[in-house]
1. Need the failing condition index for Asp70 against (1) within 18 Å of Tyr171 (Cβ to Cβ); (2) of a type in the set (D, E, K, R); (3) modelled with pLDDT under 70; (4) touching a helix residue (DSSP H, G or I) at 6+ places or on another chain (Cβ under 8 Å), just the number.
2. Can you name every residue in region 135-177 that is crowded, with 20+ Cβ neighbours inside 10 Å and under 17 Å from Ile118 (Cα atoms)?
3. Of a type outside the set (Gly, Ala, Ser), at negative phi and at pLDDT below 80, is that true of Leu52?
Amino acid sequence: MFSESLEFSSAATDWICELSKAAPGTSDLSFTTQYCQSFLAQFKSCLWKQWLTYWRSPDYNLVSLLSFLDPSSGELDARGTHTHACMVLMSSEAVCDGRDTSSALTIVIGAMSMAEAIVGYINCSTAILIVSIQRTVFYPERAAGMYSALPYAIAQVVVEITNALIQAFYYSLLIYSMMHSNGQQQKVYWFIISFFALLYYTFYRIMIVYITPNHQAAAILYSVNDVSHVYIYTNHTYKSRILADRLLAMQNAA
């Protein structure tokens, strides 16, 4: 029986070697591109899939949007909720008492930065799970040659930009009016700054998910990593300085 198995193994090996060589007058099978679809077609497919997945996940988008209307609806503790409310009240009182003083301007900038930081924390804590699930689906689809990593990443960025744009609109509509600020068009330019500030948190959350093995490790890394807090608050500090310089320059020009 052992000799028969050995002969069968030798015959199978010879057969494999014979089939691995192209027949006379033929050429090896080859393709001009690695993927069957173009880059644009891959991007459209990934964008369609990401769009349906994100906007049909109420645990992600509803919590992110409702956090602007009611901070207690998000995954915040009591300290974060009270901080959000206090910052808005402090900024309202400061602007009402003296909108032209430097102390009022400082409080307003601090309130804006703190509110964005809290909302950014909600975005990170609520979306880690959905990004982790999408990564699990991404690996087998990419291994099967359905699309490359670049169009998938661009599609995910486009979807997140749309979500952050909607959040920034709510933020500008509510917080800016609650602070009794002037409605002049040139004084609402910080809408763009708040929009990009939300993207800081969003893209940071995507990064920690993709560099960790699972969403539990990503949540731990986000909670205990001091470097993340330094990075986020450094950007907010830099943004506040830009905003303060611009507002003071506009006030002096007027």
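The values are calculated or read from the model by the stated rules, or taken from the named source; none is laboratory data. Just so it is clear, the model here is predicted, and its values are computed rather than measured. Neighbour counts are summed over all protein chains in view; Cβ atoms, including those assigned to glycine, are modelled from backbone coordinates with ideal geometry.
1. (4)
2. Scanning region 135-177 gives Asn163, Ala164, Gln167, Ala168, Tyr171, Ile175.
3. Working: of a type outside the set (Gly, Ala, Ser): yes; at negative phi: yes; at pLDDT below 80: no.
Taking the combined requirement at face value, the residue does not satisfy it.
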